[in-house]
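As structure tokens, the structure follows; a few thoughts come after it.
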Amino acid sequence: MPGPVLLLSRIQSPKLTLKVKVSMAISLKARAGETAEQMLRRFKKLCEKEGLTKEMRKRMFHEKPSEIRQRERRRLAAPKKFEGVRRNTENSSFGYGA
């Protein structure tokens, strides 16, 4: 079982943040009376919770460092869509009746 893995992004601009993620290997033990399908479902949930599937999709294709910086700049420059927006859910009918 490998030890902790340290993933660093190579963004070196003072305006952009440096993200550090430390993760451990996922281990899974079969529970009493648990089928293979249930164990696989539990494994998938653990992978999703750890962000492993998202990381795998992100690393599926090579992304140039300039593209990473450009995406990060666009993310920081984008307006916050739902900042400060609250919806009154008590009196709304959600489209069912009036």
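Give me the pairs, please: first residue somewhere in the range 52-77 and free of Cβ contacts under 8 Å to residues at least 60 places away in the same chain, second residue anywhere and of a type in the set (Val, Ile, Thr), beta-carbon distance under 9 Å, and either six or more positions apart or on two chains.
Listed pairs, sorted by first residue: Leu52/Ile26; Pro65/Ile11; Ile68/Ile11; Arg69/Ile11.
Can you tell me how many residues within the range 53-71 are under 30 Å from Arg42 (Cα atoms) and of a type outside the set (A, V, I, L, M)?
Counting residues in the range 53-71 that are under 30 Å from Arg42 (Cα atoms) and of a type outside the set (A, V, I, L, M) gives 8.
When the residues of the range 10-48 are narrowed to those that are modelled with pLDDT of 65 or more and within 30 Å of Arg75 (Cβ to Cβ), which ends up surrounded by the most Cβ atoms within 10 Å (Cβ to Cβ)?
Cys47
The values are calculated or read from the model by the stated rules, or taken from the named source; none is laboratory data. This structure is a prediction, so every number in the text was calculated from the model and none was measured. Backbone-built Cβ (ideal geometry, glycine too); neighbour counts: all protein chains shown.
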